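Notes for the one structure printed next.
The values are calculated or read from the model by the stated rules, or taken from the named source; none is laboratory data. Keep in mind the model is a prediction, meaning the values are calculated, not measured. Cβ placement follows ideal geometry from the backbone for every residue including glycine, while neighbour counts extend to all protein chains displayed.
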Amino acid sequence: MKIKLDENLPASLIADLGRLGHDVDSAPEEGLAGHADPEVWAAAQATGRFLITQDLDFSDIRRFSPGTHDGVLLVRLKQPGRRAVAARVCRLFETCGVDTWRASFVIATELKVRVHPPPLR
C-alpha cells in the first residue's frame, strides 16, 4: 500500500511500515510540515496515498466520504504518546488486512477499528 504519514505521526513508522512491505512517505519528508491540511491532503491524493493522521480536521466522514479518495486512517488514542501511536499503527498493519482499506475512512482507537468502506458498485 502507498501511505503518507501526517506530520503528527512518529517518523519511526516510515521504517516500520516499510518493513511490512508498504511504500511510505511523510509530510515532513516532502517539506509539508506546518502546511495547511488541504495541502497535505492534496499531496496524498495526487500520489495515490492512504493518509494516516491524528488530526481531527480529517474526522468528518461527510467531507472525506469513502470512495472519493485513496483512504484515510484517523488514529484516536486517549494517551497519544509517540510510542503508543507507533505501536497501535504497527499492530493494525500487522493484523488487520489493511489492503482492504483502500478508499475507506477508518478510525482506530486503543480497542476498536471502525472501517467505513467505499460503496459497492
**Asked** Can you spot a residue in the range 17-31 that is under 24 Å from PRO119 (Cα atoms), modelled with pLDDT of 95 or more and part of a helix (DSSP H, G or I)?
**Response** no
**Complete:** Scanning the range 69-99 residue by residue, the ones that are surrounded by 12 or more Cβ atoms within 10 Å (Cβ to Cβ) and either in a strand (DSSP E or B) or hydroxyl-bearing (Ser, Thr, Tyr) (or both) total 4
**Message:** Based on this model, can you work out whether ARG76 counts as modelled with pLDDT of 95 or more and among the basic types (Lys, Arg)?
**Reply:** yes
**Request:** Kindly list the number of the only condition in (1) surrounded by 13 or more Cβ atoms within 10 Å (Cβ to Cβ); (2) over 14 Å from the mean Cα position of the chain (by Cα); (3) free of Cβ contacts under 8 Å to residues at least 40 places away in the same chain; (4) closer than 17 Å to MET1 by Cα that fails for VAL106.
**Result:** (2)
**Message:** Looking at the range 45-52, can you tell me whether even one residue there is in a loop (DSSP other than H, G, I, E, B), at pLDDT below 95 and either under 12 Å from the mean Cα position of the chain (by Cα) or aliphatic (A, V, I, L, M) (or both)?
**Reply:** no
**Complete:** Contact list, first residue from the range 15-34 and on the phi < 0 side of the Ramachandran plot, second anywhere and in a strand (DSSP E or B) and not β-branched (Val, Ile, Thr), beta-carbon distance below 6 Å, six or more apart or interchain, is ASP23/LYS2; ASP25/LYS4; SER26/LEU5
**Message:** Return the residues of the range 48-78 that are out of contact with any strand residue (DSSP E or B) (no Cβ under 7 Å at 6 or more places or on another chain) and either farther than 16 Å from PRO118 by Cα or aromatic (Phe, Trp, Tyr) (or both); say none if nothing qualifies.
**Reply:** ASP55, LEU56, ASP57, LEU77, LYS78
